[in-house]
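A.B. asks: Below are the structure tokens for one structure; questions will follow.
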Amino acid sequence: MAGANEKSAEKFGKLVETLRGRRSLLIVMQDNPDPDSFAAAAALRRLAHHADPDLACSIAYGGVVGRGENRALVSYLSLNFRRIGQVDPSKFDVVALVDTQPGSGNNSLPTEVRADVVLDHHPLRPETRSARFTDVRRRYGAVSTILWEYLVAARIEPEPPLATALLYAIRTDTRDLGTEAAGADVAAAEGLFRLAN
């Protein structure tokens, strides 16, 4: 794997500090999640388990998984994604938002629950500043690109299902690496291509 982006390596170190000593992590995706949400959540779970194998992780979403390719991706990843109504966010030590932010109106995290971690690629929202850890890069075409850079920083070579999900997410969110893609997205896709199924 290529060397880690310096900013991502530093951010990953801070993420590990945020998770250190915690027992449980709730990862909340945007409502009606798309491939970028699923892949980023799966990658964050992989990174959390790398940081602490005993950290219990749950991934939740609101809305529905409607499109056939999204349902196929959920099945392919073999991860237990849960509806937000099936979990009590207040029971978790750490709450993370991926591909969404507090106050954006596109996630079902109760407003009284503060997000500790926010990872996104949309414009920064004022409410996001209250999180203990944030990495919001609006110039990136996909949040999965950020998570790929974290995997590189952690020296984790993702298994084919995760690599495939990340690659598919980057390609769909950037319209096949078209005008919405940043150089980082192209580099991530190149790195993931040889690992993906």
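A.B. asks: Checking the cross-link filter: which lysines have an alpha carbon closer than 30 Å to that of LYS91, excluding same-chain neighbours under 8 positions apart?
C.D. replies: Those lysines meeting the cut-off are LYS11, LYS14.
A.B. asks: Moving on. Per residue, how much accessible surface does the chain expose to a 1.4 Å probe? Answer in Å², no decimals.
C.D. replies: So the chain comes to 47 Å² accessible per residue, rounded to a whole number.
A.B. asks: Please say if the stretch 131-197 is rounded, prolate or oblate, where rounded means a/c under 1.5 for a ≥ b ≥ c the square roots of the C-alpha gyration tensor eigenvalues, and otherwise the choice is prolate for a/b larger than b/c and oblate otherwise?
C.D. replies: Here the stretch 131-197 falls in the oblate category.
A.B. asks: Taking square-rooted eigenvalues a ≥ b ≥ c of the alpha carbon gyration tensor, is the stretch 43-176 rounded, prolate or oblate, where a/c under 1.5 means rounded and, failing that, a/b exceeding b/c means prolate?
C.D. replies: Rounded shape, in that the Cα axes give a/c under 1.5.
A.B. asks: With all protein chains present, how much of the accessible area of the stretch 4-114 (probe radius 1.4 Å) comes from carbon and sulfur, to the nearest whole percent?
C.D. replies: Within the stretch 4-114, the accessible surface is 44 percent carbon and sulfur.
A.B. asks: Also: Using only helices, what value at 222 nm comes out for the chain when you add -39,500 (n - 2.57) per DSSP H run of length 4 or more and divide by the total residues, to the nearest 500 deg cm²/dmol?
C.D. replies: Roughly -12500 deg cm²/dmol at 222 nm, from the helical runs in the chain.
A.B. asks: Taking 8 Å as the Cα distance limit and 6 or more residues as the minimum spacing, I'd like the relative contact order of the stretch 30-171 as a percentage.
C.D. replies: Rounded, it is 28 percent for the stretch 30-171.
A.B. asks: Another question about this same structure. Figure the gain on full extension for GLU6 and ARG20 (residue separation times 0.36 nm, minus the Cα-Cα span) and round it to one decimal in nm.
C.D. replies: Taking GLU6 through ARG20 to full extension adds about 2.9 nm, to one decimal.
A.B. asks: Here's a follow-up. Using the Cα centre as the reference, give the magnitude of the dipole from point charges on the C-beta atoms of the stretch 46-197 (Lys, Arg: +1; Asp, Glu: -1; all else neutral), rounded to the nearest 20 debye.
C.D. replies: About 240 debye.
The values are calculated or read from the model by the stated rules, or taken from the named source; none is laboratory data. Here the structure is a predicted model, which is why all the values come from computation and not from measurement. All Cβ positions, glycine included, derive from the backbone under ideal geometry; neighbour counts span all protein chains shown. In case anyone asks, the SASA skips ligands and DNA or RNA and just uses the protein heavy atoms, side chains included. Shrake-Rupley method; radii C 1.70, N 1.55, O 1.52, S 1.80 Å.
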